[in-house]
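Beneath this line is the structure, given in structure tokens, with notes to follow.
The values are calculated or read from the model by the stated rules, or taken from the named source; none is laboratory data. Please read these numbers as outputs of a predicted model, since none were measured by experiment. Counting neighbours? That spans all protein chains shown, and the Cβs are built from the backbone with ideal geometry, glycine included. Accessible surface is based on the protein model in full, side chains and every heavy atom, while ligands, DNA and RNA are left aside. Shrake-Rupley method; radii C 1.70, N 1.55, O 1.52, S 1.80 Å.
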Amino acid sequence: MTDRRTELAGNLAKVEERIAAACAAAGRAREEVTLIVVTKTYPADDVRVLSELGVRQVAENRDQDAAPKHAECADLPLEWHFVGQLQTNKVRSVVGYADVVQSVDRDRLVTALSKEAVRAGREIGCLIQVALDAGAGGRGERGGIAPDGIGELADLIAGSPGLRLDGLMTVAPLTGEYAGRERAAFERLMDLSTDLRRIHPAATMVSAGMSADLEEAVAAGATHVRVGSAVLGVRARLG
Ligand SMILES: *Cc1c(COP(=O)(O)O)cnc(C)c1O
């Protein structure tokens with residue numbers, strides 16, 4: 001094994017142990033939680049090694065990086081998630097490789113995603129990004145809509161050709177009433193998911209938890225955790 005492969009294998013094993021322990025502590029089966037490895041800022045070679053090590057889901061947050069990386073890794077059996085703020089002029093490119101867009105947070109983005117998905121003959125899974133620090137009718141600083149906007153956006157996605165409403169995503173807020181209260185934030189997301197599933201029963205995905213707070217997310221009931229630095233290392237630049 002190369003040094004990098006050994007390093008990634010060791011990190012993956014540690015993250016796997018953390019997820020397993022969190023599931024056990026919460027009385028959940030390990031299979032209820034899916035690991036998505038966030039490969040942003042790291043090269044395609046790392047994605048290839050991760051795939052060889054058994055990773056099946058990866059996430060990226062910038063189209064400029066993700067598009068060429070996906071092209072280099074198109075032969076790998078991976079599902080690609082897009083988790084960054086998405087401008088409508090990047091939608092055509094993202095629809096070309098993303099299986100799931102986790103950062104859907106406004107009507108115009110839904111319209112653009114639907115149009116391009118239909119054009120490409122693809123079905124794109126959509127998660128609504130929820131900003132738990134946004135006031136009613138508002139938006140989060142790093143994207144996301146306030147909880148009171150979920151219902152309408154969900155109906156729009158569900159009624160849009162080429163799109164599939166898969167569930168909800170959040171990032172633990174740094175400001176507002178949930179700052180420093182990750183467990184409470186993720187429990188709030190679970191309540192919002194319960195409300196959503198009353199109307200859209202197939203929208204079962206709850207994407208929450210990163211390297212620093214995956215235990216809190218698993219405890220709250222997350223179905224997907226998005227882990228970057230704990231697997232790949234601390235990123236050189238903010239991403
Ligand atoms: C970068 C990123 C992650 C992973 O963060 P780590 O702290 O590196 O685990 C998860 N979700 C989103 C939306 C991200 O941008």
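Values for this structure:
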| quantity | calculated |
| --- | --- |
| Per residue value of the accessible surface for the stretch 2-232 (all protein chains in place, 1.4 Å probe), Å² | 43 Å² |
| Amide proton proximity set for T34, modelled H, under 5 Å, gap of 5+ | H224, V225 |
| Mean separation of Cα contacts under 8 Å (6+ apart) over length of the stretch 2-232, as relative contact order % | 19 percent |
| Sites excluded, GluC sites (Glu not before Pro) in DSSP loops with at most 13 other C-beta within 10 Å, longest stretch of the chain | 1-122 |
| Computed [θ] at 222 nm, deg cm²/dmol, the chain (DSSP H ≥ 4; -39,500 (n - 2.57); rounded to nearest 500) | -12500 deg cm²/dmol |
| Protection proxy ranking, peptides 83-93, 161-171, average beta carbon neighbours within 10 Å, highest first | 161-171, 83-93 |
| Span-rule helices in the chain, defined as complete DSSP H runs reaching 24 Å or more along the axis (Cα) with Kyte mean at least -1.0 | 3-26, 182-199 |
| Relative contact order of the stretch 40-82, pairs being alpha-carbon contacts under 8 Å that are 6 or more residues apart, as % | 52 percent |
| Fully extended contour minus Cα-Cα distance, from I199 to S229, at 0.36 nm per residue | 7.2 nm |
| Prolate/oblate/rounded call for the stretch 77-220, Cα gyration tensor, a/c under 1.5 rounded | prolate |
| Stretchable slack from D107 to T175, in nm (0.36 nm times residue separation minus alpha-carbon distance) | 22.0 nm |
| Under 23 Å between alpha carbons - lysine pairs in the chain that sit 8 or more apart or on different chains | 5 |
